[in-house]
Amino acid sequence: MSSLLQIENLDVDFVSDLSATTALQDISFTVNKGEIVAVVGESGSGKSVTALSILRLIPSPPVSYKQGSIIASIQDESVNMLSADRGMLQSIRGNEIAMIFQEPMTSLNPVMTCGRQVMEAILTHKKISTREAKERTIHLFEKVKLPDPHRALKRYPHQLSGGQKQRVMIAMAMSCEPSLLICDEPTTALDVTVQKNILELIKELQIQNEMGVIFITHDLGVVGEIADRVVVMYKGRIVESNSAPAIFNSPQHPYTKALLGCRPALHPRGEKLPVVSDFMDVSQTGEITEKATEIKRSLRPPGNTSTDDKLLSVEALRVYYPAAKSFLGKVRQYVKAVDDVSLEIFKGETLGLVGESGCGKTTLGRAILRLIEPTAGRLTFQGTDITHADPKVLRELRKQMQIIFQDPYSSLNPRKTIGGAIAEPLKVHKIGGDGSDRRNRVTGLLEQVGLKPEHYDRYPHEFSGGQRQRIVIARALALNPRFIVCDESVSALDVSVQAQVLNLLNDLKKELDLTLLFISHDLSVVRYVSDRIVVMNSGKIEETGTAEEIYQHPRSPYTKKLLASIPSGFRL
């Protein structure tokens, strides 16, 4: 098997005027033609830095390559990417080595059509006419199974769903038929059915083109579906490397065992999830030792579902958006985001809300909080009709009803420190006395969600995606609410951090008598955390039942389809 890429003894530092931070240390692995190598690890383990270093996409400074080499086989010639000049790098990027980035919305240009962006990549590297580039783009859109490729050609990124945007990114990456494809979390936060389709597509294209693929992910269920070999990273080092079956069936390193053991699908509902610290100890010098003690697990009692203890009632709720208007402005057609939905949430329970992207989950959650005005229906919270509550009443309700948003980066002000962001609701509601008292409360919240007090004065861009998610959870808890809508609050987290957050939410439920509406596309997580589950499809409720009823005995064909799409590594 011929080698496409060889990384040998790579060290990477980030250098500032004050200090140097080691991001990668002694990284070595090989990618062969026709092989998929998965790189896994927690947020901050160095996965993305490794990928970006291959194409030299991190500015220098601040990056410094202390030692090592990245040798790429380009048309039967060996090129050291770390010493290649700008011209050589430009000819390789997107042409010989392509990359699918983690966030399609931020990676695509919002003011250019999707077709134009793919054509630009083709015209940069291929000496063909604009007409030929357009024809090739349409062919690529067909190949990645975008619905109505001719129409998608003229659409802007915001007009496509998350899965469709990811397909555009794949089409762009495949436009010049690269020999090596780097996929940086390409299925993060996608619902299970779209994720399955994207994985099948990448695998199909890899076989057709005999590509080598570096697949970066924190999702071990995905790894089991797609990878030939697995490289496990921890704090900038490779701790284990082996074939995918060997990693799953007989992991050797305690950190690998921890990643596999943290998956919610392996644990019954209510059992405290193990975390990395349960499997290993790390000394001050970074030496890892495996813990031999058996992990103590405790079952939590199920949430309260007494019909006499109702916290929230939703009756015939509708949220419609105008889709087409006549010449005189009369609405002719509506998008029915939420269509005649009724449900009840009881004090102390966790109600799971699942479905594919676009089914109305998020709209329903926001309408319940009156962040979106309902078109019709009735909302009752603690016996009070809040459907048409005035702003003053809603302001008081905000103390008791909070939301953890899906995208932590866009929900945080980039110009405000995270300490200031968490303290903001305390200031608005005049809670916490003077500045020092509020700071103490905020640092306590940071520690509660697994961050450090010194993080108070840092800005959102200085944190990983998983850390930012913990920040917005801390902000939601600042006012000690009674009811929290968790909108995909763990979808982008690696399994070990996800376990910490799910344990945290369960602990907080018990300590603070919290009630949760847990919105997610991940049925394995919803099964673990929820007392009851509501399945939504096209704005309507498909079926409702206890977590075990939905997971073990689904009645609806739609629910059965969702369950069939769960990666095999995440099935109980």
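May I have the convex hull volume per residue, in Å³, for the Cα set of the range 1-156?
Working: hull volume 24.4 nm³, N = 156.
Expressed per residue, the convex hull around the Cα atoms of the range 1-156 is 156 Å³.
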Expressed in nanometres to one decimal, the distance between label points 7 Å along Cα→Cβ at Val335 and Ser129 is 3.8
Taking Cα atoms, the helix 192-209 axis meets the longest principal axis of the chain at an angle in degrees (rounded to 10) of 10
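For the range 154-224, just say rounded, prolate or oblate: build the C-alpha gyration tensor, square-root its eigenvalues into a ≥ b ≥ c, call rounded for a/c under 1.5, and beyond that prolate if a/b exceeds b/c, oblate if not. Mind dumping the intermediate values first?
Numbers: a/c = 1.93, a/b = 1.11, b/c = 1.74.
It comes out oblate by the Cα gyration axes.
Among DSSP beta bridges whose residues both lie in the chain, state the antiparallel percentage, nearest 5. List each step's numbers first, then the result.
Numbers: 55 of 92 bridges.
The antiparallel proportion sits near 60 percent.
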Filtered hits (lysines, Cα-Cα < 20 Å from Lys257, offset >= 8 within chain) -> Lys47, Lys235, Lys272, Lys291, Lys296
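Sorted by average packing, counted as other Cβ atoms within 10 angstrom per residue and highest first, what order do 192-198, 410-416, 391-397 take?
Details: 192-198: 21.3, 410-416: 13.6, 391-397: 11.7.
With the highest mean Cβ count within 10 Å placed first, the list reads 192-198, 410-416, 391-397.
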So the angle from the long Cα axis of helix 114-125 to the longest Cα principal axis of the chain, reported in degrees to the nearest 10, equals 20
Checked against the positive end of the charge dipole of the chain (+1 on Cβ of Lys and Arg, -1 on Cβ of Asp and Glu, about the Cα centre), the farthest of His125, Ser179, Cys262 is His125
Mean separation of Cα contacts under 8 Å (at least 6 apart) over the residue count of the chain, i.e. the relative contact order in percent, is 15
For the range 106-254, the Cα convex hull volume per residue in Å³ comes to 128
PRE zone check, label point 7 Å out along Cα-to-Cβ of Ser342, amide N under 20 Å, scope the range 540-568, hits 540-546
The range 321-389 and the range 56-86 have their Cα centres apart by a whole-number Å value of 51
Order by accessible surface, 1.4 Å probe, largest leading, for residues Val335, Val49, Val490 comes to Val335, Val49, Val490
Rounded to the nearest whole number, the Stokes-Einstein translational diffusion coefficient of the range 360-497 at 25 °C and 0.890 mPa s (Kirkwood radius, C-alpha pairs) in µm²/s is 154
In the range 187-277, taking the dipole from +1 charges on Lys and Arg beta carbons and -1 charges on Asp and Glu beta carbons about the Cα centre, the listed residue (Ile207, Pro274, Ser243) farthest towards the positive end is Pro274
Taking Asp339, Asp434, Asp17 and ranking on accessible area (1.4 Å, protein atoms only), highest first, one gets Asp17, Asp434, Asp339
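I'd like to check one number: the per residue accessible area of the range 1-149, probe 1.4 Å, reported in Å² as a whole number. Show your work: numbers first, answer last.
Values: 7510 Å² over 149 residues.
Value returned for the range 1-149: 50 Å² of accessible area per residue.
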A 1.4 Å probe over the protein heavy atoms gives the chain a carbon and sulfur accessible-area percentage of 47
Per the C-alpha gyration tensor (a ≥ b ≥ c, the square roots of its eigenvalues), the range 469-572 is rounded if a/c is under 1.5, else prolate if a/b beats b/c, else oblate; here it's prolate
With the 1.4 Å probe rolled over protein heavy atoms, the range 355-476 has an accessible area per residue in Å² of 48
For the range 8-151, the dipole about the Cα centre with charges only on Cβ (Lys and Arg +1, Asp and Glu -1), to the nearest 20 debye, works out at 740
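Treating the beta-carbon of each Lys and Arg as +1 and of each Asp and Glu as -1, no other charges, what is the dipole magnitude of the range 391-532 about its Cα centre, to the nearest 20 debye? Before the final figure, lay out each step's value.
On the way: 21 positive and 17 negative charges, 110 e Å.
Here the range 391-532 has a charge dipole of around 540 debye.
Quick one: pull the percentage of alpha-carbon pairs in the chain with a separation above 48 Å. Please list the in-between numbers first.
Values: 20888 of 163306 pairs.
Result for the distance tail: 13 percent.
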Dividing the mean separation of Cα pairs under 8 Å (6+ apart) by the residue count of the range 4-160 yields a relative contact order in percent of 20
Computed for the chain: size of charge dipole around the Cα centre, +1 on C-beta of each Lys and Arg, -1 on C-beta of each Asp and Glu, debye to nearest 20, value 1840
Among Ile422, Pro374, Ser283, the residue whose Cα sits farthest towards the positive end of the charge dipole of the chain, when +1 is placed on the Cβ of each Lys and Arg and -1 on the Cβ of each Asp and Glu, is Pro374
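The values are calculated or read from the model by the stated rules, or taken from the named source; none is laboratory data. For clarity, every value in this text was computed on a predicted model and none was experimentally measured. FYI the Cβ positions are ideal-geometry reconstructions off the backbone, even for glycines, and counts take in every protein chain you see. Side chains are part of the model used for accessible areas, which takes the heavy atoms of the whole protein and leaves out ligands, DNA and RNA. Shrake-Rupley method; radii C 1.70, N 1.55, O 1.52, S 1.80 Å.
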